[in-house]
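Peer 1: Once you've had a glance at the structure underneath, I'll fire off some questions.
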Amino acid sequence: MSPERKTIEKFAARSAIEALRAGVPNAHGVRALGCDQPKVEQEFTQQLEAASGIFGHSGRGLLIQGDFGTGKSHTLEFLREMALDRKFVCSQLYISKETPLHDPVKLFQSAAESAVAPNRTGSAFIEIANQLVFNSQSYRGFERWANQAATGLDARFPASPLLFERFQSDHEFRDQIIRFWAGGKLTAPETKSRLKQIGEIWTPGFTSQRDLAIQRFRFASRLTRAAGYAGRVLLIDEVELIGTYSPLQRAKSYIEIGRMMTAADDPGMAAIPVLAVTEDFAEAILKEKGDLERIPRILQERTQFSGTADASLASSGMRILADKGISLKRPGESALDETYGRIRALYARAFDWEPPVPADYERAAIRREQSTPLRAYIRRWITEWDLQRLYPDARVEIETARWRTDYSEDAAEESAVDEAPSDQSLVDDLTGDI
């Protein structure tokens, strides 16, 4: 093996070990360990194949369930690598205070910022724009879809690809359009002025910021297909955090889950959402907190939801969380042995140091506590090897404690977000910014 190749492999091994140590999987770690979840892999493969078809049906998404440390994030990373290999543009989202599931504006922003195109670095939307072929069948089909009144898009969306095509020498304006596709602003006066230059007449409408974000998901998925990619995959981790939201925020979150997971009703979208949630979420939140009965009443009492499909979407979202999840299987002794061997070899390659192999490294622990998460084993092995490598004369004893999800509602999250949206979004539309 050449010195250069050895250095590359050592770097990859070190990167994988550091990710496994931190419990945050990356591509190197996933390639090293693989993913022993055949049911999840089979279902996801079927959905990728369906979305890659001529009509771009996405299936109804995928929900994976598992306790803390059972490999949800690792599985999502594995699915991401699968999708990229099949020419899907992928976004990874982590539900947090900065990316709340009940806010489609922030969800789209996070999805756009994290979007990755296959075999590319940098902005996925720049890559998508660079791949557009204006006289191709896929692009013209996308253009026809965007201009149909039944599509219900804000007028800036069908205008933007036309302007992108016609102003090819104006690089600054084209960059502005790409930023718009990725969630930025495009003013009504400039859009109207540019259309006038090419003999087109345009009348802006009024669309709330929330509805614009929802439309952005649809438009971006179709645009991705028009650029020749197979579709989009949204990988959303830590969905269980919605259990800490206020009741109305949870209701809005269920609406967004229902909307994402029923995307197959819109042929051509080719968008596959994959959500990861804790195993006990349905029992703790939907049943014990009573959301199955409580949430429909909350939505009925709010005028902003009356006459909309949101109540039905919320019910769909809750049913999916209650009944449609695929539980991650725990590793048996043989799988644990295999994982141990792989990580031991990875560690040796990363640090040029061969970890010792105890005769019964954790046999008693395996028999005693089958519920121990795989992550706990992995981090324990790596920590032991670190200490043995750095302090060879020390006696290593490591204690582990099991993490339990706290679903207590966070008072700090209960804010003006719970109130009906103000008219500011309409003011923004009137001044031309979205």
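Peer 1: Once you mark the GluC sites (Glu not before Pro) that are in a DSSP loop and have at most 16 other Cβ atoms within 10 Å, what is the longest gap between them in the chain?
Peer 2: Free of exposed loop sites, the longest segment is 99-199.
Peer 1: Suppose every K and R has +1 on its Cβ and every D and E has -1 on its Cβ; what is the size of the dipole of the chain about the Cα centre, in Debye to the nearest 20? Don't skip to the end; give the middle numbers.
Peer 2: Numbers: 56 positive and 63 negative charges, 239 e Å.
Using only the charged Cβ atoms, the result is roughly 1140 debye.
Peer 1: For residue 93, enumerate residues with amide H under 5 Å from its amide H, sequence gap 5+ or separate chain, H modeled in the peptide plane.
Peer 2: 235, 236, 237
Peer 1: On to the next question. In the chain, what percentage of the DSSP-assigned beta bridges are antiparallel, given to the nearest 5? Walk me through the intermediate numbers first.
Peer 2: Numbers: 1 of 19 bridges.
Close to 5 percent.
Peer 1: Also, I was wondering about something else. Can you tell me the accessible area per residue over the chain, all protein chains present, probe 1.4 angstrom, in square angstrom?
Peer 2: Working: 21160 Å² over 434 residues.
Here the per-residue accessible area is 49 Å².
Peer 1: Roughly how big is the range 126-242's charge dipole about its Cα centre, with Cβ charges of +1 (Lys, Arg) and -1 (Asp, Glu), in debye to the nearest 20?
Peer 2: Numbers: 16 positive and 13 negative charges, 84 e Å.
Dipole size: approximately 400 debye.
Peer 1: Using the charge dipole of the range 1-62 (Lys, Arg: +1 at Cβ; Asp, Glu: -1 at Cβ; taken about the Cα centre), state which of 23, 48, 38 has its Cα farthest towards the positive end.
Peer 2: Going by the charge dipole, the pick is 23.
Peer 1: So for the chain, taking the charge dipole from beta-carbon charges (+1 Lys/Arg, -1 Asp/Glu), which of 134, 112, 255 sits furthest toward the positive end?
Peer 2: Working it through, the farthest residue towards the positive pole turns out to be 134.
Peer 1: Using +1 on the beta carbon of Lys and Arg, -1 on that of Asp and Glu, and nothing else charged, what's the dipole of the range 1-107 about the Cα centre, debye to 20? Don't skip to the end; give the middle numbers.
Peer 2: Values: 14 positive and 13 negative charges, 47 e Å.
Dipole magnitude for the range 1-107 comes out near 220 debye.
Peer 1: Can you give me the Cα centroid spacing of the range 157-202 and the range 1-75 in angstrom?
Peer 2: 38
Peer 1: Evaluate the range 74-113: find the radius of gyration of its Cα atoms, find its Kirkwood radius, and give the ratio Rg to Rh. All intermediate terms of the calculation are to be shown ahead of the outcome.
Peer 2: Numbers: Rg = 11.6 Å, Rh = 11.1 Å.
Across the range 74-113, the Cα-based Rg/Rh ratio is 1.05.
Peer 1: Under the rule a/c < 1.5 gives rounded, and otherwise a/b versus b/c splits prolate from oblate, where does the range 125-263 land using the Cα gyration tensor? Provide the component values of the computation, followed by the final result.
Peer 2: Values: a/c = 2.18, a/b = 1.68, b/c = 1.30.
Since a/c reaches 1.5 and a/b is larger than b/c, the shape of the range 125-263 is classed as prolate.
Peer 1: In whole percent, and with a 1.4 Å probe on the protein chains, what portion of the accessible area of the chain is carbon and sulfur?
Peer 2: Working: 10500 of 21160 Å².
Within the chain, the accessible surface is 50 percent carbon and sulfur.
Peer 1: Dimensions of the chain along principal axes (Cα, Å, largest first)?
Peer 2: Here the spans come out as 79, 59, 36 Å, largest first.
The values are calculated or read from the model by the stated rules, or taken from the named source; none is laboratory data. This is a predicted model, so every value here is computed, not measured. Don't worry about glycine lacking a Cβ; one is built from the backbone with ideal geometry, like all the others, and counts go over all protein chains shown. When the accessible area is computed, the model is the full protein with side chains, heavy atoms only, and any ligands, DNA or RNA have been set aside. Shrake-Rupley method; radii C 1.70, N 1.55, O 1.52, S 1.80 Å.
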